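K.L.:
Dropping the structure in here first, questions after.
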Amino acid sequence: MTSLFPKQLLLVPALALIALSASAQESPDQKRASLPPTTPWNLEELRKVPHVDWKESGTSRTLFYAGEPFEGKPTRVYACYATPGTLSGDSSKDKNLPGIVLVHGGGGKAFPRWAELWASRGYAAIAMDLSGSGKPHQPQTDAGPRQKDEVIFRTDAPATDQWSYHAVASVIRAHSLLRSFPEVDSERTAITGISWGGYLTCIVAGLDDRFKAAVPVYGCGFLSENSHWLSYFEKMPEESRDNWVRLWDPSQYVGSATMPMLFVNGGKDFAYPPDSHARTYALVKTLKNLCFLPDLNHGHLFDNPPAIEHFIRHHLEGGAPLARIAEPEVKENQVSAQVDSHTKLIKAELHYTTNHIPGPAKSRVWTTLPAQITDHTIHATLPAEQPSIWFLNVTDDRKATTSSRLIIAAEAAKSP
């Protein structure tokens with residue numbers, strides 16, 4: 001199919017993109033030069049393979065690997081690992097596997113089911129525990145900080161004893177470990193995280209350019225300006241608040257990402273609102289796409305939406321890419337946008353809300369209007385009432401939905 005986009009928006013075939021990414025991979029010193037000078041992590045150390053202790057075997061294997069020191073004491077990170085071979089009991093299936101790092105959100109853990117889902121898709125998958133509680137029903141005494149809001153927003157501890165520092169380091173160490181396994185193709189790895197895991201994915205994407213694809217779900221930056229946690233920031237002294245943002249907000253790092261990224265969120269998400277999410281998306285300079293679903297529930301939805309799997313398969317295995325919607329154009333009340341798709345598109349829609357942003361997510365009402373696709377162009381009509389946010393969606397025959405960027409009324413949100 002001939003692309004309708006300018007050259008800078010052309011979809012690069014996945015294997016070529018992998019080769020380009022590998023050749024452009026920065027050294028730790030080069031990467032640090034592109035990051036804020038206050039970046040607290042030692043990236044060179046985190047790229048080293050951590051010590052690992054293997055535990056139980058089954059459809060997934062459990063393990064502990066070395067983490068960052070906490071309050072002057074060594075720590076271990078609990079994780080589970082699954083491959084096609086662990087699922088089947090046939091290790092001969094474990095050769096040249098793409099790998100994926102899975103990062104849970106609040107109330108989560110190292111989910112075996114999540115790792116096994118990706119193993120069933122042909123991946124080597126590692127899911128680590130970032131809650132500080134270790135293996136379920138077996139409290140861990142040598143873990144890092146607990147994943148609780150009052151701990152995450154603590155500002156009176158050294159940076160190296162704070163939760164975000166440990167969580168980010170644990171994710172990058174998991175990646176270094178995954179890449180070291182002989183059954184894994186170290187040049188074909190991806191990361192996806194949910195909620196707080198999406199927050200971490202945004203940060204890690206800016207720090208670890210060894211990944212070839214990154215998918216943050218819900219999580220974003222600008223938390224001090226609009227998010228579920230505004231009350232924590234309001235209680236902080238100004239200096240402490242500024243320091244937290246400088247060290248731990250994804251807006252400080254995601255703009256340094258070099259791998260393709262897919263951002264996923266829902267229109268009624270209680271934690272990461274549309275304006276903060278859109279501002280975070282705008283910071284990314286690399287190839288990016290968006291899947292914004294008005295009624296997507298917040299939770300550990302391992303196999304939903306389908307766009308996540310197809311995005312990662314495209315960039316790691318050469319599968320068909322997601323559709324891409326160009327910048328919408330508006331003439332009077334008529335909207336049009338070019339769409340580039342290598343799969344059959346079965347639906348196009350315009351979604352909008354008139355509710356104030358910022359505002360309560362639960363009561364936010366989204367209205368859906370039908371749109372048409374003719375000659376690779378989406379056509380829709382804006383409503384007579386002034387939307388605070390609107391965007392276009394297309395869905396293909398794989399049930400993979402992608403979105404235009406969110407168009408947010410000038411008075412409703414700050415620009416990045």
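None of the figures in this text is laboratory data; all of them are computed from the coordinates on show. Owing to the predicted nature of the structure, the values given are computational and were not obtained by experimental measurement. Cβ placement follows ideal geometry from the backbone for every residue including glycine, while neighbour counts extend to all protein chains displayed.
K.L.:
Report the calculated FRET efficiency for residue 365 and residue 342 (r = Cβ-Cβ distance, R0 = 45 Å), to the nearest 0.05.
P.N.:
Details: r = 34 Å, r/R0 = 0.76.
Given R0 = 45 Å and the Cβ-Cβ separation, E is 0.85.
K.L.:
Could you tell me which residue out of 384, 367, 350 lies farthest along the dipole of the range 329-408 toward its positive end? Charges go on the beta carbon: Lys and Arg +1, Asp and Glu -1, centred on the Cα centre.
P.N.:
With unit charges placed on the Cβ atoms, the residue in question is 367.
K.L.:
A follow-up question, please. Round to a whole angstrom and tell me the spacing of the C-alpha centers of the range 211-246 and the range 264-342.
P.N.:
Spelled out, the Cα-based centre of one part sits 21 Å from the other.
K.L.:
Compare 71, 349, 150 in a GNM of the chain, Cα atoms joined below 10 Å, and give the one with the largest fluctuation.
P.N.:
The residue that fluctuates most here is 150.
K.L.:
While we're looking at this one, here's another question. What stretch of the chain, leaving out the sites themselves, is the longest with no trypsin sites (Lys or Arg not before Pro) in a DSSP loop having at most 14 other Cβ atoms within 10 Å?
P.N.:
The reported range is 149-284.
K.L.:
Count the DSSP beta bridges whose two residues both fall in the chain, then state the antiparallel fraction as a percent rounded to the nearest 5.
P.N.:
Of all bridge pairs located within the chain, approximately 65 percent are antiparallel.
K.L.:
Which angle from 0 to 90°, rounded to the nearest 10, does the C-alpha axis of helix 196-207 make with the longest principal axis of the chain?
P.N.:
With both axes taken from Cα atoms, the answer is about 80 degrees.
K.L.:
Using the Karplus equation 6.51 cos²θ - 1.76 cosθ + 1.60 (θ = phi - 60°), what ³J(HN,Hα) coupling, rounded to whole Hz, does each residue of the range 123-131 give in order, writing x for Gly and Pro?
P.N.:
So the J values, rounded to whole Hz, are 10, 8, 10, 10, 10, 10, 8, 10, 7.
K.L.:
At 10 °C and 1.306 mPa s, grab the translational diffusion coefficient of the range 227-344 from Stokes-Einstein with a Kirkwood Rh over Cα pairs, rounded to a whole number in µm² per second.
P.N.:
Here the translational diffusion coefficient equals 94 µm²/s.
K.L.:
Evaluate the charge dipole of the range 7-322 about its Cα centre and quote only its size in Debye, nearest 20, assuming +1 on the Cβ of each Lys and Arg and -1 on the Cβ of each Asp and Glu.
P.N.:
Charge dipole, the range 7-322, about its Cα centre: 560 debye, nearest 20.
K.L.:
Taking a ≥ b ≥ c as the square roots of the Cα gyration tensor eigenvalues, with a/c under 1.5 meaning rounded and otherwise prolate when a/b beats b/c, else oblate, which class fits the range 7-322?
P.N.:
Rounded is the answer for the range 7-322, as its axis ratio a/c remains below 1.5.
K.L.:
Quick one: check the C-alpha center-to-center distance for the range 179-208 versus the range 31-103, whole angstrom.
P.N.:
The range 179-208 and the range 31-103 have Cα centres spaced 10 Å from each other.
K.L.:
Next question. Quick one, what does Rg over Rh come out to for the range 329-408 if you take C-alpha atoms and the Kirkwood Rh?
P.N.:
Details: Rg = 13.2 Å, Rh = 13.3 Å.
Rounded to two decimals, Rg over Rh is 0.99.
K.L.:
May I pose another question? To one decimal place, what Kirkwood hydrodynamic radius in Å is obtained for the range 44-155 from all pairs of distinct Cα atoms?
P.N.:
Numbers: mean 1/r = 0.0674 Å⁻¹.
When all Cα pairs of the range 44-155 are included, the Kirkwood radius is 14.8 Å.
K.L.:
Let me ask something additional. Which whole-number percent is the relative contact order of the chain (Cα, under 8 Å, 6+ apart)?
P.N.:
For the chain, the relative contact order is 13 percent.
K.L.:
log10 I(q)/I(0), Debye, Cα-only the range 177-282, no solvent, q = 0.22, 0.24 Å⁻¹?
P.N.:
After summing over all Cα pairs, the log10 values are -1.10, -1.24.
K.L.:
So how far apart, in nm, are the two label points at residue 334 and residue 375 if each is 7 Å from Cα heading toward Cβ?
P.N.:
In this crude label model, residue 334 to residue 375 measures out at 1.2 nm.
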